[in-house]
Amino acid sequence: MKNKRRSFLKKSAIAGTGFFIVPRNVLGGTGFTSPSDQLNIAAIGAGGKGNDITAAWASGERVIALCDVHPDGTHGVTDSRNTYPKANFYIDYREMLDQEKDLDAITISTPDHTHGVIASNAMNRGLHVYVQKPLTHNIEEARALTKIAAKNKVVTQMGNQGGSSTGVVKIQEWVDKKLIGKINKIYAWTNRPVWPQGFDMQDNNEAKPPNLNWDLWLGPAASTKYTSQLHPFNWRGWWDYGTGALGDMGCHILDAPYKTLGLHYPTDVECSVGQVFEQAWSQNFVPKGCPASSIVTLNFDKTSKNDSKIEMVWMDGGLRPSHPEAIPADDFLGEKNSTNGVLMIGEKGVISCGVYGLEPRLYRKGKETIIFKTPDRDDLDHIHHMEWINGIKAGYGSDEYKKITAPFEYAGPFTETVLMGNLAIRSYMSMGNKKPKYNDNKYHTSEYSKFVGRKKLLWDGDNMKITNFDEANQFVGRTRRPGWNL
């Protein structure tokens, strides 16, 4: 088990064995962090969001290793390497985990489809992990990571930094005080996708960048040739690698209602998706890719925090709900310009907030609107990371650990709920074993409507199973290439 080094130091200091940690104020004055208090951290995925390893939260720790499949990529890897020139650099995360024996913790900022396999490997070695949202690519992986974290008693955090917003705390206060009464409906929406979706991927016959390890980037996904339509950004719109608009933004936007209402597994899910026509009477059908827009409806049983069944409606691709009666016509919904947001509809009023639970507003008929001003969102990344850092130093189950807002015991079931929407979308777009009568990507609308799984899916959350449409269960997990199991 890792962290024996730190555990030994703490126990030795308490037991009075003659070895003790010199107080930091003696060694270096105010703000000095003694070496024994520093964590050895590595970043897997050192560009993009992984470039966060260069931010202030990591400045008091030792970043001893960096790992990225594209060592000289233009997406921030070089910046990370320049910040930590003495850190060992790896291309294969497995080699890094084997070689770096003194690691305490890692951050994982890779594409969604490799979150699960990397995090499970690290946690089974006793490492603490911080994984960007969504926690995993599919429901099966989220359930597995929840169990592995508990088994190994490691300190975890999912990178939905909005979970640490004071806006969520204020919404929790309003819900607990029953200021809008029982809540029976939730609307949530985003302007994502902001990458190509709804169209087939073109074969541009591109040459792979010379230093990119494409096989490692593919990970558990099937082998395919390189295309810039996947790396470094647009993988989000393809099911083998990404989780679409819902996976990208759901863990940010849905956290406030999910957490404050104490939701758990939904009882059922259904959806509809936007249609794209490039030719008359011939609808695009790209089951390997996410749709241009979608509406997902999830239903939940009553909870200890809300004595009413709840219907949650998610919209993406530029769709959003209409103004409830309680909200003035000139007020935006959610955040400014209504681009992303949440509406929690209660019997006595409405709570509205933006992404990360920011700027929540309380509307009640005949009463003045209450607006809670939240701090700048730029602080949320730092706060969220420091919860994890402090939890590691204090230990699994400590008071500091309990302050972590998205440990895997919460983030796992939450991610499962978010990804239920994708299960419904993929089922909706499924052709099953039917063979198309038209070309590979276009179907006449009358033929298309015969094959898609357009039904409400009933969910047995404890057993991770759709009970009324077995074909949908193929999307609970995924098929992985040999060598890439959890």
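Give the residue, chosen from Asn138, Asn160, Asn124, that is among the polar types (S, T, N, Q), buried (at least 21 other Cβ atoms within 10 Å of the Cβ) and over 16 Å from Tyr410 (Cβ atoms). Spell out the reasoning first.
Details: Asn160 fails: over 16 Å from Tyr410 (Cβ atoms); Asn124 fails: buried (at least 21 other Cβ atoms within 10 Å of the Cβ).
Unique residue meeting the criteria: Asn138.
Considering only segment 141-157, how many residues are over 18 Å from Leu218 (Cα atoms) and surrounded by 24 or more Cβ atoms within 10 Å (Cβ to Cβ)?
Residues in segment 141-157 being over 18 Å from Leu218 (Cα atoms) and surrounded by 24 or more Cβ atoms within 10 Å (Cβ to Cβ): 6 in total.
Can you find, within segment 238-278, the residue that is surrounded by the most Cβ atoms within 10 Å (Cβ to Cβ) among those that are in contact with a strand residue (DSSP E or B) (Cβ under 6 Å, 6 or more places away or on another chain) and among the polar types (S, T, N, Q)?
Among residues in segment 238-278 that are in contact with a strand residue (DSSP E or B) (Cβ under 6 Å, 6 or more places away or on another chain) and among the polar types (S, T, N, Q), the one surrounded by the most Cβ atoms within 10 Å (Cβ to Cβ) is Ser272.
Restricting to segment 309-322, what's the tally of residues that are in contact with an Asp or Glu (Cβ under 9 Å, 6 or more places away or on another chain), in a loop (DSSP other than H, G, I, E, B) and either surrounded by 21 or more Cβ atoms within 10 Å (Cβ to Cβ) or not assigned by TED's automatic domain parsing to the domain that holds Leu358 (or both)?
0
Being of a type in the set (Val, Ile, Thr) and part of a loop (DSSP other than H, G, I, E, B) is the filter here, so list the residues in segment 247-289 that pass it. Lay out the reasoning, then the answer.
Taking segment 247-289 as the starting set, the residues that turn out to be of a type in the set (Val, Ile, Thr) are 253, 260, 267, 269, 273, 276, 286.
Correct list: Thr267, Val276, Val286.
Any residue that is in contact with a strand residue (DSSP E or B) (Cβ under 6 Å, 6 or more places away or on another chain) and modelled with pLDDT of 95 or more - is there at least one of those in segment 137-153?
Taking segment 137-153 as the starting set, the residues that turn out to be in contact with a strand residue (DSSP E or B) (Cβ under 6 Å, 6 or more places away or on another chain) are 149.
So of that shortlist, the ones also modelled with pLDDT of 95 or more come out as 149.
Within segment 137-153 (the criterion being in contact with a strand residue (DSSP E or B) (Cβ under 6 Å, 6 or more places away or on another chain) and modelled with pLDDT of 95 or more), the answer is yes, since at least one residue qualifies.
Suppose we filter segment 365-401 for residues that are within 19 Å of Ile180 (Cα to Cα) and either polar (S, T, N, Q) or out of contact with any strand residue (DSSP E or B) (no Cβ under 8 Å at 6 or more places or on another chain) (or both); how many remain?
Looking only at segment 365-401, we keep the residues that are within 19 Å of Ile180 (Cα to Cα), and these are 365-372.
Still in the running and either polar (S, T, N, Q) or out of contact with any strand residue (DSSP E or B) (no Cβ under 8 Å at 6 or more places or on another chain) (or both): 365-369.
Number satisfying all stated conditions: 5.
Looking at segment 352-393, which of the residues that are within 17 Å of Gly341 (Cα to Cα) and hydroxyl-bearing (Ser, Thr, Tyr) is nearest to the chain's Cα centre (by Cα)?
Of everything passing the filter in segment 352-393, Tyr356 is nearest to the chain's Cα centre (by Cα).
Taking segment 316-332 as the region of interest, how many residues are touching a residue at least 60 places away in the same chain (Cβ under 8 Å) and either of a type in the set (D, E, K, R) or under 17 Å from Lys365 (Cβ atoms) (or both)? I'd like the intermediate steps shown before the answer.
Taking segment 316-332 and keeping what is touching a residue at least 60 places away in the same chain (Cβ under 8 Å), we get 316-321.
After this cut, where a residue has to be either of a type in the set (D, E, K, R) or under 17 Å from Lys365 (Cβ atoms) (or both) as well, the list is 316, 320.
Final tally of qualifying residues: 2.
Test of understanding: among Pro220, Pro196, which residue is in contact with a Phe, Trp or Tyr (Cβ under 8 Å, 6 or more places away or on another chain) and either in contact (Cβ under 8 Å) with a residue 40 or more places away in the chain or under 19 Å from His137 (Cα atoms) (or both)? Spell out the reasoning first.
Numbers: Pro196 fails: in contact with a Phe, Trp or Tyr (Cβ under 8 Å, 6 or more places away or on another chain).
Just one listed residue meets the conditions, Pro220.
Checking the conditions here, which among Tyr438, Tyr448 is part of a helix (DSSP H, G or I), at pLDDT below 50 and in contact with a strand residue (DSSP E or B) (Cβ under 8 Å, 6 or more places away or on another chain)? Walk me through how you get there before you give the answer.
On the way: Tyr438 fails: part of a helix (DSSP H, G or I).
Residue meeting the stated conditions: Tyr448.
Being of a type in the set (A, V, I, L, M, F, W, C), without any contact (Cβ under 8 Å) to a residue 40 or more places away in the chain and farther than 19 Å from Val129 by Cβ is the filter here, so list the residues in segment 49-88 that pass it.
The one that is of a type in the set (A, V, I, L, M, F, W, C), without any contact (Cβ under 8 Å) to a residue 40 or more places away in the chain and farther than 19 Å from Val129 by Cβ: Val77.
For segment 189-225, give me each residue that is surrounded by 17 or more Cβ atoms within 10 Å (Cβ to Cβ), touching a Pro at 6+ places or on another chain (Cβ under 8 Å) and over 18 Å from Ile118 (Cβ atoms).
Trp189, Gln197, Gly198
Looking for something touching an Asp or Glu at 6+ places or on another chain (Cβ under 7 Å), modelled with pLDDT of 95 or more and not in a loop (DSSP other than H, G, I, E, B) - is there at least one such residue anywhere in segment 296-308?
Yes, because at least one residue in segment 296-308 is touching an Asp or Glu at 6+ places or on another chain (Cβ under 7 Å), modelled with pLDDT of 95 or more and not in a loop (DSSP other than H, G, I, E, B).
What about Gly237, is it at positive phi and either in contact with a Pro (Cβ under 9 Å, 6 or more places away or on another chain) or of a type in the set (Gly, Ala, Ser) (or both)? Please lay out each step first, then the result.
Details: at positive phi: no; either in contact with a Pro (Cβ under 9 Å, 6 or more places away or on another chain) or of a type in the set (Gly, Ala, Ser) (or both): yes.
Taking the combined requirement at face value, the residue does not satisfy it.
Restricted to segment 323-343, and to residues that are part of a helix (DSSP H, G or I) and not small (Gly, Ala, Ser), which residue is nearest to Asn191 (Cα to Cα)? Outline the logic, then answer.
From segment 323-343, those part of a helix (DSSP H, G or I) are 336-338; that's our starting set.
Filter again for not small (Gly, Ala, Ser), leaving 336-337.
On the way: Lys336: 12, Asn337: 11 Å.
The qualifying residue nearest to Asn191 (Cα to Cα) is Asn337.
The values are calculated or read from the model by the stated rules, or taken from the named source; none is laboratory data. It should be emphasised that the depicted structure is a prediction, and the values quoted were computed from it without experimental measurement. Glycine gets a Cβ as well: all are built from the backbone with ideal geometry, and neighbour counts include every protein chain shown.
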